[in-house]
1. Among Ala122, Ala152, which is under 26 Å from Gln174 (Cα atoms), part of a helix (DSSP H, G or I) and either small (Gly, Ala, Ser) or more than 13 Å from the chain's Cα centre (by Cα) (or both)?
2. Within the set of pairs 6 or more residues apart or between chains, which connect a residue that is at negative phi and open to solvent by less than 20 Å² (accessible area, probe 1.4 Å) inside segment 141-162 to a residue that is part of a helix (DSSP H, G or I) and of a type in the set (Val, Ile, Thr) with Cβ atoms less than 6 Å apart?
3. Which one of the conditions (1) within 23 Å of Asp78 (Cα to Cα); (2) crowded, with 19+ Cβ neighbours inside 10 Å does His104 fail to meet, given that it meets all the rest?
4. For residues that are in a loop (DSSP other than H, G, I, E, B) and either in contact (Cβ under 8 Å) with a residue 24 or more places away in the chain or more than 26 Å from Val162 (Cβ to Cβ) (or both), tally how many sit in segment 41-85.
5. Considering segment 52-67 alone, what residues qualify as being modelled with pLDDT of 90 or more and either of a type in the set (D, E, K, R) or closer than 22 Å to Gly128 by Cβ (or both)?
6. When the residues of segment 163-185 are narrowed to those that are open to solvent by 50 Å² or more (accessible area, probe 1.4 Å) and among the polar types (S, T, N, Q), which ends up modelled with the lowest pLDDT?
7. If Arg97 satisfies every condition in (1) open to solvent by less than 20 Å² (accessible area, probe 1.4 Å); (2) not in a loop (DSSP other than H, G, I, E, B) but one, which is the exception?
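The values are calculated or read from the model by the stated rules, or taken from the named source; none is laboratory data. Just so you know, these numbers come straight off a predicted model, no measurement behind them. Counting neighbours? That spans all protein chains shown, and the Cβs are built from the backbone with ideal geometry, glycine included. Ligands, DNA and RNA are stripped out before the accessible areas are found, and what is left, the full protein with its side chains, is counted by its heavy atoms. Shrake-Rupley method; radii C 1.70, N 1.55, O 1.52, S 1.80 Å.
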Amino acid sequence: MAQDRKGRDNRDKERDSEFVDKLVGINRVAKVVKGGRRFGFAALVVVGDQKGRVGFGHGKAREVPEAIRKATEAAKRDMIFVPLRSGRTLHHDVDGRHGAGKVHLRAAEPGTGIIAGGPMRAVFETLGVQDVVAKSIGSSNPYNMVRATFDALKRQMHPKDVAAQRGLKYSTLQARRRNLIGAEE
């Protein structure tokens, strides 16, 4: 029994070591009670494996480390997979929104880097995107920006899925894309 628990702990540590986490923000929050105010902390964390999987979590506690731990666990529970082109950028431009927060994400050429604001930058770094241009429109609230970014990333589709939906061959779709890119230059 003890061996089983020890083996499970080692697997959990190995799984945790493959993830990179970024602290997006910490807020001090207050709860008004009979004797005055009780202060606590709320943390927003983004977790990813830098290979296309990413998640975000929100945690609240009386102490900062506990809030961060709760947020990290929540982020690991709700991860999404995002298809990446060549493992470095998005396949196509996409918009996302959450509340008053709107974002526009654009695929970029190699060497562009991550051109994005703070909360969006954390998402892209943990996702493993190396070249992207992103613009935040509307709310600058980190929670809304992260949720809008995730909304946009969920709409990201791999060209093979698009080809299957349209009843085309993947190579035909790629040939059309090359023709469009060649026509722009």
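1. Numbers: Ala122 fails: under 26 Å from Gln174 (Cα atoms).
Sole residue among the options that is under 26 Å from Gln174 (Cα atoms), part of a helix (DSSP H, G or I) and either small (Gly, Ala, Ser) or more than 13 Å from the chain's Cα centre (by Cα) (or both): Ala152.
2. Within 6 Å, the pairs are Thr149/Val123.
3. Unmet condition: (2).
4. Kept after step one, since they are in a loop (DSSP other than H, G, I, E, B), are these residues of segment 41-85: 49-52, 62-63, 78, 82-84.
Applying the additional criterion that residues be either in contact (Cβ under 8 Å) with a residue 24 or more places away in the chain or more than 26 Å from Val162 (Cβ to Cβ) (or both) yields 49-52, 62-63, 82-84.
Residues in segment 41-85 being in a loop (DSSP other than H, G, I, E, B) and either in contact (Cβ under 8 Å) with a residue 24 or more places away in the chain or more than 26 Å from Val162 (Cβ to Cβ) (or both): 9 in total.
5. Our first condition is that a residue be modelled with pLDDT of 90 or more; within segment 52-67, this holds for 53-67.
Of everything in segment 52-67, those that are modelled with pLDDT of 90 or more and either of a type in the set (D, E, K, R) or closer than 22 Å to Gly128 by Cβ (or both) turn out to be Arg53, Val54, Gly55, Phe56, Gly57, Lys60, Arg62, Glu63, Glu66.
6. Per the criteria, the residue is Asn179.
7. Checking Arg97 against (1) open to solvent by less than 20 Å² (accessible area, probe 1.4 Å); (2) not in a loop (DSSP other than H, G, I, E, B), the one that fails is (1).
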